[in-house]
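Notes to accompany the following structure.
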Amino acid sequence: MNRPLTLASSVCGAMVVALDGTVLMVAQPTLQRDLDASFTQVQWTSTGYLVAVAALLVFAGRLGDRYGHRRTFALGMLGFGAASAGVAVAPGVGWVIGLRVVQGVFGALLQPATLGMLRTTYPPEALRRPIAARTAAIGLAAAAGPVLGGALTTGFGWRSVFLLNVVPAVVFGTLALVGGKRSRAASSPVSRPAPEMAWEPRPETDRTPLDVPGALWLAVALACLVHTLVAPSGPAGALGAVATVVAGAGFVRRERRAPAPLLPPAVVGSPAVGASLALLVTVSAALNGGLFTCVYVLQDDLGLAPLRTALVGLPLAASLVAAAPVSAVLLRRAGARSTVAGATAVLATGLLVLAAAPGTAAFCAGFALVGAGFGTVMVAATHVVVRQSPEASAGVAGGLQQTAMNVGPVLGVASATVLVGAAGTRSPLIVLAVAAVAALPLCRALPGGPRPLAAGPPTGVSASLPADASTGVSASLPAGVAAAVPDPLGRPVPAGPSDARHTVRAVERGSFGPSLGDDEV
């Protein structure tokens, strides 16, 4: 697919998934009454989806690496839309739960593909803005979801919220298939552009054997982990914890012996990727646990109505959306290490403000800080995970990022639930802020900022050499010395041995400013 269609598909896929969760949250009470369902059954309409998604995300990303992210995205979108339509006509709550599990399977296929397509379509130095656009779209969907869900449920019933996803899923799923056919035709020997004129992604195929036993072990471990976090008490919680440990140990043992492990060493062995994933789990847990806590504080302690509670929380969504484009600029100028560290500190500060907030004005300020911090960390950490991972493992990297973003919220809400009962209504906000601060040392493993450009002309090139009037390049240079082409700021940039990130098939694509090394973003 071309870049605009890839970006639009990635953004739409991320928004469909984000909307699905938020609109259902508002519709669940009506669903329970209409289907005469128990509270546990209604809870499983969400839990079944979460378990299926968490269990399959990494393997689905591996399928994208092998068979093409465009194909897995198209299959995921079309299947997600079909399952949504099925839920809308389901005759009973059992059908709803089953179809939500099916929806989770297709959601697991499309989510890693939204990042994998970006990684294989854009060159590494151009990934910041697409990832920022995707993050802003998720924030917008999260903000609009409760409003849309409430309006649709009130006007048309709970079934209408599931029809919301059908049209975009079918449209973009079909466009992914059609766009792929066109791109193959356009890449024929007759019409293919010269390497010097365009960056060409590698073909979306990989013949590395699939580690099916490893995928099964990981699926069981993640499914049991999510189930345990959702229902930690009682015999089921204890059994789930034991099963999580056993399956996790089996997965580690399998990965050490597998000739082609599910998690490539180049991905899981990267300190920057590992730190980014841990930070994503931490900040997503802090955000969702904090929101869960604040709903009870605002309604039970301050006596606000549900609608006013939602309005007080709007600054969080607004600052999250606004933080996405700012994050791309901060990444370019300061690097991931400083950007993530500063944003994590802002998020922790926001949680502390919420913990001490006496009224709605202070809550608005705290929500704004939390949204700005979370949005920035999400863009920067996701950028590190996607860029630092090899292109051949882009799907696995996307699956790991999505797994972190699914496990974190469940962990945060589960922790907040326990803390509210044990230490008071606002105690989770303080504990989650401390957890965010404790994660700051992880930022040391992230890439730093760009190196400063060395002053002066390139060694061995005379400043007084005559230049070509049309290009500004010296007309007579010593043999073996490349020309120095000024960058847009007028600084001399040697066009000799080029940075590998700025070349395709050993051909320089053009003049660049300061290069980014392997340890930079």
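The values are calculated or read from the model by the stated rules, or taken from the named source; none is laboratory data. Predicted model, so just to flag it, every value in this text is computed and none were measured. All Cβ positions, glycine included, derive from the backbone under ideal geometry; neighbour counts span all protein chains shown. SASA here: full protein model, heavy atoms, side chains in, ligands and nucleic acids out. Shrake-Rupley method; radii C 1.70, N 1.55, O 1.52, S 1.80 Å.
Tabulated values for the structure
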| quantity | calculated |
| --- | --- |
| Flag for GLY116 being at pLDDT below 90 and in a helix (DSSP H, G or I) | yes |
| Residue within the range 342-363 that is modelled with pLDDT under 90 and among the aromatic types (Phe, Trp, Tyr) present | no |
| Single match in LEU225, LEU229, LEU280 (criterion: among the hydrophobic types (A, V, I, L, M, F, W, C), open to solvent by less than 60 Å² (accessible area, probe 1.4 Å), under 22 Å from GLY116 (Cβ atoms) and out of contact with any strand residue (DSSP E or B) (no Cβ under 9 Å at 6 or more places or on another chain)) | LEU280 |
| Yes/no for PRO124 being open to solvent by less than 40 Å² (accessible area, probe 1.4 Å), of a type outside the set (A, V, I, L, M) and out of contact with any Pro (no Cβ under 9 Å at 6 or more places or on another chain) | yes |
| Any hit, the range 50-72, residues being open to solvent by 10 Å² or more (accessible area, probe 1.4 Å), in a helix (DSSP H, G or I) and without any contact (Cβ under 8 Å) to a residue 12 or more places away in the chain | no |
| Selection from the range 388-406 of residues that are under 15 Å from MET117 (Cβ atoms), at pLDDT 85 or above and open to solvent by 10 Å² or more (accessible area, probe 1.4 Å) | GLN402 |
| Residue within the range 173-185 that is hydrophobic (A, V, I, L, M, F, W, C), farther than 19 Å from GLY64 by Cβ, modelled with pLDDT under 90 and more than 27 Å from the chain's Cα centre (by Cα) present | yes |
| Residue check, SER338 in contact with a Gly (Cβ under 9 Å, 6 or more places away or on another chain), within 27 Å of ARG134 (Cβ to Cβ) and open to solvent by 60 Å² or more (accessible area, probe 1.4 Å) | yes |
| Any hit, the range 266-275, residues being among the polar types (S, T, N, Q), surrounded by 16 or more Cβ atoms within 10 Å (Cβ to Cβ) and closer than 27 Å to VAL58 by Cα | yes |
| Yes/no for THR228 being modelled with pLDDT of 90 or more, part of a helix (DSSP H, G or I) and out of contact with any Phe, Trp or Tyr (no Cβ under 7 Å at 6 or more places or on another chain) | no |
| Test set (1) crowded, with 21+ Cβ neighbours inside 10 Å; (2) touching a Lys or Arg at 6+ places or on another chain (Cβ under 7 Å) - ALA88 fails condition number | (1) |
| Any hit, the range 304-317, residues being open to solvent by 40 Å² or more (accessible area, probe 1.4 Å), under 20 Å from GLY412 (Cβ atoms) and either in a helix (DSSP H, G or I) or not aromatic (Phe, Trp, Tyr) (or both) | yes |
| Scan of the range 26-49 for residues that are closer than 28 Å to LEU218 by Cα and open to solvent by 40 Å² or more (accessible area, probe 1.4 Å), ordered by number | THR40, GLN41, GLN43, TRP44 |
| Top-ranked residue in the range 287-303 [being of a type in the set (A, V, I, L, M), in contact (Cβ under 8 Å) with a residue 40 or more places away in the chain and part of a helix (DSSP H, G or I); ranked as surrounded by the fewest Cβ atoms within 10 Å (Cβ to Cβ)] | VAL297 |
| Matching option when the condition is at pLDDT below 90, in a helix (DSSP H, G or I), of a type in the set (S, T, N, Q) and crowded, with 19+ Cβ neighbours inside 10 Å, among THR135, THR154 | THR135 |
| Pairs, first more than 25 Å from GLY359 (Cβ to Cβ) in the range 305-331, second of a type in the set (D, E, K, R) and open to solvent by less than 60 Å² (accessible area, probe 1.4 Å), C-beta under 9 Å, six or more apart | ALA324/ARG134; SER327/ARG128; ALA328/ARG128; VAL329/ARG128; LEU331/ARG128 |
